[in-house]
Every structure is written in structure tokens, then in C-alpha cells.
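Below: one structure, written as C-alpha cells.
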2 protein chains.
Amino acid sequence: MVDIATRVYNHKWKIDPIVRSLIDTDFYKLLMCQSVFHNKPDTQVSFSLINRTKTIRLAELIDEGELREQLDHIRTLRLSRGESTWLRGNMFYGKRQMFRSDFMEWFEGLQLPPYHLEKRDGQYELTFEGAWPEVMLWEVPALAVLMELRGRAVLQHMGKFELQVLYARAMTKLWEKVEQLRGIDKLRIADFGTRRRHSFLWQDWCVQALMEGLGDKFVGTSNCLIAMHREVEAIGTNAHELPMVYAALADSDAELAQAPYQVLADWHQEHEGNLRIILPDTYGTEGFLRNAPDWLTSWTGVRIDSGDPAEGAEMAIRWWQDRGEDPREKLVIFSDGLDVDKIVTLQAQFQGRVKVSFGWGTLLTNDFRGLVTDDALAPFSLVCKAVSANGRPTVKLSDNPLKAMGPADEIARYKRVFGVGEQVAREVVV
Amino acid sequence: MVDIATRVYNHKWKIDPIVRSLIDTDFYKLLMCQSVFHNKPDTQVSFSLINRTKTIRLAELIDEGELREQLDHIRTLRLSRGESTWLRGNMFYGKRQMFRSDFMEWFEGLQLPPYHLEKRDGQYELTFEGAWPEVMLWEVPALAVLMELRGRAVLQHMGKFELQVLYARAMTKLWEKVEQLRGIDKLRIADFGTRRRHSFLWQDWCVQALMEGLGDKFVGTSNCLIAMHREVEAIGTNAHELPMVYAALADSDAELAQAPYQVLADWHQEHEGNLRIILPDTYGTEGFLRNAPDWLTSWTGVRIDSGDPAEGAEMAIRWWQDRGEDPREKLVIFSDGLDVDKIVTLQAQFQGRVKVSFGWGTLLTNDFRGLVTDDALAPFSLVCKAVSANGRPTVKLSDNPLKAMGPADEIARYKRVFGVGEQVAREVVV
């Protein structure tokens, strides 16, 4: 039977909204947002879209009107009662009332701030300016909108069965990964694929497939909305934007050198256990660990998000050992450009030496490589980053020079302050 | 929105019927049925299920109660008003009123006769006895029920996403075939896969995928119900049961030798054009062509259904040439155990020399090979054949000794009468 009402309802949509909830975002955004809300609420920031894959000319693929409609729709979103109840009442990382009342009241009243959109050289210049806690929440939905609109542009000329087979192929591809992964002893893997997903429905499918296919080897999703609907753990801790903005706000080189530790000192006040995860690569992992204060060694783990992941993990292990910690009690989370082969290799290399966990992103939720002509659905490297704070430019170095961002003179200054030497370039796929 | 009514309706099914229409059968069955209805209405026949793949122990896989429920359900079916209207009014092979009023009135009143079911040696003995026009209509639905119940037995332990991926893989597999086939110039291909399909819904999906993917290279389906719903041509002419029963009814060796030609003489009265297709292999293609009456050379084509297909086609081409016919005006239909590679090869070999067409069966609608553990969904060689007529056993030789059936002494007699010499055995896959 045709459900006539559903059909009529679908037909009368003016747009098919890509992001339909303020919590269709990564859990760590909300954790960081609360932290920023308490520690740096008045910081004025600017976030900007950066397409690192210049060959994909987004402004030629995506209609500006459609993009504006999607972004405008996101500005109409408000936290719903059920979402608020879930955030207030759900247990995250073993803790209830993770989100405090003052933050929740602010979040319940939140509307995302205006955006600025221009076309330049075949790309979109999309920027968001305002108070940090508000602006930062644009990052994930903005990326998701651009990725999905690009996909829709490719899909719109396909036939019904061609489309069905496309998704059949993508499902098959994912399931083959599941079949490889489920043989891995002691695997712990989470979905980190919200921002560069093929689409919301596809991410939701992927999560459910991992739930069935991996059982308790699948530990959760970074996507709050999906975590709520599918009743799995919401996963995530913190990201580069914290040290980037803290660093930009530093008034001297000495303050700059301390900024990444100040971020974690603030985090230390608020969180414990598995939320105490160091992201050491913002200005070079090696220097970060070398100069780290002693109290950081008691933290639960590190997240390796750039550079050679095995090297990063070995560095962390040596660091713990040098400081008298037992690495077997520590957690290493790999989250950079993962796919099955890399997961298999890293797990084999580190299982037993440290606790290992994986945050699997784009190649979980957007592996449409090889499925259409000209590989027009292959994921690409799109980011949305804090580019300035209180009028000063931000800088990111990471452990891969191809991921560095910021004005050249500032990059040079940061390299000097953080003692970053020669770095090995690694292709940025996603 | 959930369509509550649909959900409740689905939930209250006592069974999920596999065959839901008397025209969920092959078109040639109806053409032959009308012919039998007029020429041999009172012939008493017995049809029997034969599982040529002995390693698949159907009685251990399929619950007898479920099998009986499905067969009982088929006995409740009656030709619906819309189906009758379609059969009476639709144009088949360019002709309206293909089915005459007396036949249609009989068909409208038809209930399939009782069945006899027993288990023996891990197999089901399923037989149908009665008047030929009634009993013959059991063949296709009985096979479809057994194939689908065997599939359901395998599927019932699978998870929701595992199932979705199974079908995703099957879709991908079929679409890869479509992509290979659509590059073939002048291809003409029809679905002949009703009897050994994975399921009705899967066959229906396959047909629609071919419609979209192959465009007018897809010429139609043998399945009347799907032809009606999807508004494509219903395809098919005649099968071995006609010469097998005519032969069994012969009172002497001389009459036996003429029986296959008598079948076609009766057919000649009724049909013209593309329905005049010789199926020459029942008692050996070579002898059949050697001894064929001259009027048969005017027929439109031959269908090659056993033996080496290229050899069979070459034989037909030589026969036409020897009798002064231009093979380029003739049609060769290949229908035995086809898959893409064989189709590609045969098309390349014969295109331009004759008109070529393909009746693609089991490996179109049931290619689940390699998709589950132990290949438990791979199709197998299940047939349902006329085994006796008016108390006399039937015999089939074909061009492959592994497909021969009938009592040994009768096989020997038929071989002598039809001058069949040494034959090359070819593995029967489906």
C-alpha cells in the first residue's frame, strides 16, 4: 500500500534538508562548546571553509541557491525538547549531567549566527563570525551540507535502478570492511564520520550496519543525533580548535608556548577518565610531549590525528615509559584517514602494548570511491577551521606539513616557538 | 511515517505466499496449454519433481508443513478479472486474441488439481496427475515454490543488515552483468528465469533493472504476471513436454519417429512468425533436422536448449543452407545455462550470420552464487517433468546424456528410433 500522506508530504518539501537537528553534530563539539562557554565565552572567532582538494570546483558543482537554502534551514533549527532531555539526562562516558544547566539553557535558546558566502575561483568562500561558542557549532553542519550537496549534484542524473545499485555497491563495500574487521580480536572502533559523510541517511545506515556486524567491537558514534536514536554511546573528546584559538589569544611567545597545555589544564578541571585524551599534534607531537607538564602523564590517552600514526603512537609509548607510566594502562586513539587495512595493521602493531581504539571517519561514512564515472563521488579534503580569534590569525601545524594552515610568518613563528623541525609530508586524502 | 495498516496486514499473514497468481508462470506454458486444450485435452499425464542436484537434500532443508501450505495456497488461486482481461486483450507477438474464448473460459474456471507429496531419501517426491492442460500448469509454480522455500530456509537466520547486504551484493552482481551486456551491439535478451528464480520479488527487480539498464536490448520476460505489471513483452513459444507426451502416446516406432514433427504440425496450424520456433533437441538435434519435413525449413528459427550451443547453432545454419534458406533471415534463440560470458561469446560468433536472441534463465534471476557461507543459496538443477502420458512413460534424450530421462529400456528404444549415436556429456549446472 502507498502511504498517501507520506508521499504528499515528501512532494511538498521546498527543500530536502540535509541537517535537521542541532545535535546532528559531533559530540566533542558540544563538550568543547561547554568548555568554551565557561572559559572563553566572549572570544570573537572567525571560521572558514577550506577545500584542500582544489581540483574539485565546488562552486561549479553546487548551486548557490541550494546551498543558501540549506544553510538558511540550519539557522531555523532549535534544540528540541527531546534532544535537550537526552543531553541533560543521558549518561556520557559513565557520567550523568555532563552538560550543566547554564550551558543547556544557553543551548536551548541558541540560533546559529549568520554566514557569509561568496564564490571565488570556482570555490565557495564560506565564513562564520561571532562569539566562539556559537560560531564553532557551524563547522560540522556546514561541512556535511557541502559534502551532501556535491553528492546530490552527481546523483541527480541517475536512474532509479542505477541509484539502487550505487547504494547496493556502497553497502557491499562497507560490509566487506565489517567482515574484515569482525575477525580482529579486541577491536574497539567508533564512527567519526559525520562531517564528511555521504549523507545523513547513509551515516545512519553505516552506524546500524556496524552495530549489527561488529557487535560490541563497535563502541559508538561521534554523531549525537544518531547516538540518541540508535541508543549507542556518543564518542569524542576535544579537537584542534581549542589549542588553535588559545594560541592565537596568547600575548607573548612564552604564553604561546604554554597555550596548548592551558587548554588541557582547563579540560582537566572539567573531565576525567576516558575524556582526558591528549591531542598532541596541533603544533608538533614531539615538542608537545617533550615540554608537557608532569600532570599530563596521568591522563588516560592520546589521539593520533596526523603524521605517521605508528610513529605517533611509538612516541607516546616512549613518553609514558620515560615518565614512569605503564603504556598498557593507556589508550591510543587513531583517527586520521583510517581505512580497514590501516586499522588491521595498527591493531596488530599496538594491541597488547597499549589500549587501542579507532575513530573511523570519512572512509566509513563516505567510501563511494570507484562507484561512479570519473570517481565523482569520491570523498575529498574539506575542512572548516577557526582562522582568527579576537582579530588574530590562528595557526595549525600538525605532524604533516600539508595540513599546516595560517599566515606564513605566523607559521614560521609557531615553528620556532614550538621547536618544530623538518616534517615528512603525507598525502591528505580525506 | 509507518503505514500502520500495511504493517498490521503483513503481520497477520498465516503464510507469505510465494506464488500469488495463476499467471505467475511462463508464457509458453499458456501457449502450450491452449494447444493441448484443443489437440489433446483428455490426455492423462503425470508430472514429477526431479532434483538433479542430489547433494542438496531438499526434504532436510524445507519443512514439509510449509511446503504444503504453499502448494495448498496455489490451489486456492483463480485467474483474476484483470489477468483475464490482459490475456484476452493484450497483443502477444504482434497478435491480438492470442488466447481464444473457449480456452479463456476454461482457464477462468481453473483450479489446479491436487498434488501428491512424500519424502524419500532426503528428497521430496512431488507428483501431479490428471488432465494434461491442468497438470502442466503446476510445473512452474511448483519449482518456484521449492526454490524459494530453500532460499528462505537459508535466509531465516540472517540479521537485518546482513540481509540487506546480501541483496545489495546480488544487485551489484546483476548490475555488473548489465554493464557488460549493454555494450553488446544488437543484443536481444529476454528473462527466462521464472522457474528457478530466487524469489518473485527478486525476479521482478531483475526485470526492472534490465528494463532500465538495457533499454530496448531487453525484449521481455517469460513471466506473464511481470509482463503485465511492467508492460513488457511476454516471451516464449514451446517446450519439451509437447514432443515428450506426443511421443509417449505413439503406438508404434513409426508413429514415435513422427511425433516430434506432429507437435510442430499442430503448432503450425495455430501460430506464425516468431512463434514458429523449433525446439529440436528432445530426441537429438542432428537426427531431428536430418529427418525434418520440408515445410519446417520455412519456420522462423530454432531454440538451442542443450548440448554445445555453438555446435547446435552451426547445425541449424548448415541445415538451412542445405535446404536453400538464408540463415541471416533465421532466428537462433539460446536458452541453456546462459550467463554473461556465454552470451558475449555466442553473440560475437553468430551475430551477422543469423538473428540471435537469448533466453536468460537461472543465472539472471538466481545468481546468488558465492554470496553466503557454503554457497547455500547457489541455484541448482531442479526440474518438474511429464513422466507419463496415458500410463506410458515419457522419455527425453536432449543433446546432453546427463539430461536424459525415462526408463532405461525406453531410452534405448528412443535412441534407436531417432538414430542418436554417441553424445558428449556436459555438466548440468542449472
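For chain A, build the charge dipole from Cβ charges (+1 Lys, Arg; -1 Asp, Glu) around the Cα centre, then report which of A:Leu155, A:Leu112, A:Val302 sits farthest towards its positive end.
A:Leu155
Treat every Asp and Glu Cβ in the range A:292-412 as -1 and every Lys and Arg Cβ as +1, leave all other atoms uncharged, and give the resulting dipole magnitude about the Cα centre to the nearest 20 debye.
Dipole about the Cα centre, nearest 20: 300 debye.
For chain B, state what percent of all Cα-Cα pairs lands in each successive 20 Å bin, counting from 0 Å until the bin that includes the largest distance.
Result returned by the calculation: 25, 61, 13, 0.
In nm, what does the list of distances from A:Trp13 to its counterparts in the other copies look like, shortest first, when each label sits 7 Å along Cα to Cβ?
Here A:Trp13 shows inter-copy label distances of 2.9 nm.
Just the C-alpha atoms of the range B:1-47: what Rg/Rh do they give, with Rh taken as the Kirkwood radius? All intermediate terms of the calculation are to be shown ahead of the outcome.
Numbers: Rg = 18.7 Å, Rh = 14.4 Å.
A ratio of 1.30.
Separation between the B:Gln351 and B:Thr85 pseudo-spin-labels, each 7 Å from Cα along Cα→Cβ, expressed in nm?
For the pair B:Gln351/B:Thr85, the computed spacing is 4.1 nm.
May I ask you to derive the FRET efficiency for B:Asp322 and B:Asp375 from their Cβ-Cβ distance with R0 = 30 Å, giving the value to the nearest 0.05?
Values: r = 45 Å, r/R0 = 1.50.
Computed FRET efficiency for B:Asp322 and B:Asp375: 0.10.
Pop out the ³J(HN,Hα) list for the range B:419-430 in order, Karplus 6.51 cos²θ - 1.76 cosθ + 1.60 with θ = phi - 60°, rounded to Hz; leave Gly and Pro as x.
Computed from phi, the couplings for the range B:419-430 are x, 8, x, 5, 10, 8, 6, 10, 3, 9, 8, 9 Hz.
Which cross-chain or sequence-distant (5 or more) residues have an amide H under 5 Å from the amide H of A:Ile50, H modelled 1.01 Å from N in plane?
So A:Ile50 has HN proximity to A:Val383, A:Cys384, A:Lys385.
Among B:Gly370, B:Gly213, B:Ala142, whose Cα sits farthest toward the positive end of the charge dipole of chain B (+1 at Cβ of Lys/Arg, -1 at Cβ of Asp/Glu, about the Cα centre)?
The Cα lying farthest towards the positive end belongs to B:Gly213.
Among B:Trp319, B:Val344, B:Trp360, flag the residue with its Cα farthest along the positive direction of the charge dipole of the range B:275-368, charges on Cβ as +1 for Lys/Arg and -1 for Asp/Glu.
B:Trp319
Measure of size requested: the Rg and Dmax of the range B:138-252, with Cα atoms as the atom set and Å as the unit; please supply both.
17.3, 61
For the protein assembly as shown, what is the largest minus smallest coordinate of the Cα atoms on each principal axis, given in angstrom and ordered from greatest to least?
Over the protein assembly as shown, Cα extents along the principal axes are 112, 54, 52 Å.
Binning at 5 angstrom from zero up to the longest distance, how are the C-alpha pair distances of the range A:63-108 distributed in percent?
Taking all Cα pairs of the range A:63-108, the binned fractions are 5, 19, 20, 16, 11, 11, 10, 6, 2 percent.
Placing unit charges on C-beta atoms (Lys and Arg positive, Asp and Glu negative, everything else neutral), compute the dipole magnitude of the protein assembly as shown about its Cα centre in debye, rounded to 20.
Charge dipole, the protein assembly as shown, about its Cα centre: 440 debye, nearest 20.
Just report the Cα centroid separation between the range A:311-363 and the range B:129-181, whole Å.
Using only Cα atoms to place each centre, the spacing works out to 46 Å.
Provide the per-residue ³J(HN,Hα) series for the range A:195-206, in order, calculated from phi with Karplus coefficients 6.51, -1.76, 1.60 and θ = phi - 60°, each as a whole number of Hz, with x at glycine and proline positions.
The phi angles translate into 5, 10, 5, 5, 6, 4, 4, 5, 4, 4, 5, 4 Hz.
Once you put a point 7 Å from the Cα of A:Gln97 and another 7 Å from the Cα of B:Glu311, both along the Cβ direction, what distance in nm separates them?
Placing both labels 7 Å beyond Cα along the Cβ direction yields 8.6 nm.
Computed over the Cα atoms, what is the radius of gyration of the range B:162-365 divided by 2.2 N^0.38 Å, N being its residue count?
1.08
Using each residue's phi in the range A:249-256, evaluate 6.51 cos²θ - 1.76 cosθ + 1.60 at θ = phi - 60° and report the 3J(HN,Hα) Karplus result to the nearest Hz, with x for Gly and Pro.
7, 5, 8, 8, 4, 5, 5, 4
For the residues B:Ile411, A:Ile235, what sequence is obtained by ranking on other C-beta atoms within 10 Å, fewest first?
Placing the least packed residue first, the sequence is B:Ile411, A:Ile235.
List A:Phe27, B:Phe418, A:Phe103 from most exposed to least, where exposure is judged by having the fewest other Cβ atoms within 10 Å.
Ascending number of Cβ neighbours within 10 Å: A:Phe103, B:Phe418, A:Phe27.
Tell me, B:Trp86, B:Trp267, A:Trp132 in order of fewest to most beta-carbon neighbours within 10 Å?
Details: B:Trp86 17, B:Trp267 22, A:Trp132 25.
The order, fewest Cβ neighbours first, is B:Trp86, B:Trp267, A:Trp132.
If we hang a label 7 Å off Cα along the beta carbon direction at A:Gly109, how far is it from the matching labels on the other copies, in nm, shortest first?
When each copy's label point is compared with this one, the spacings are 8.3 nm.
Can you list the distances in nanometres, one decimal and ascending, from the B:Arg68 label point to the identical position in each other copy, with the point 7 Å along Cα to Cβ?
List, nearest first: 7.1 nm.
Under a point-charge model restricted to the Cβ atoms of Lys and Arg (+1) and Asp and Glu (-1), what is the dipole moment magnitude of chain A relative to its Cα centre, in debye to the nearest 20?
I would put it at about 600 debye.
Mind counting lysine pairs for me in the range B:162-365? Cα separation below 18 Å, and the two need to be 8 or more apart along the chain or on different chains.
The result is 12.
Throughout, read-outs are computed from the coordinates displayed, never taken from laboratory work. All values reported here derive from a predicted model rather than from experimental measurement. No Cβ is skipped: glycine too gets one built from the backbone with ideal geometry, and neighbour counts run over all protein chains shown.
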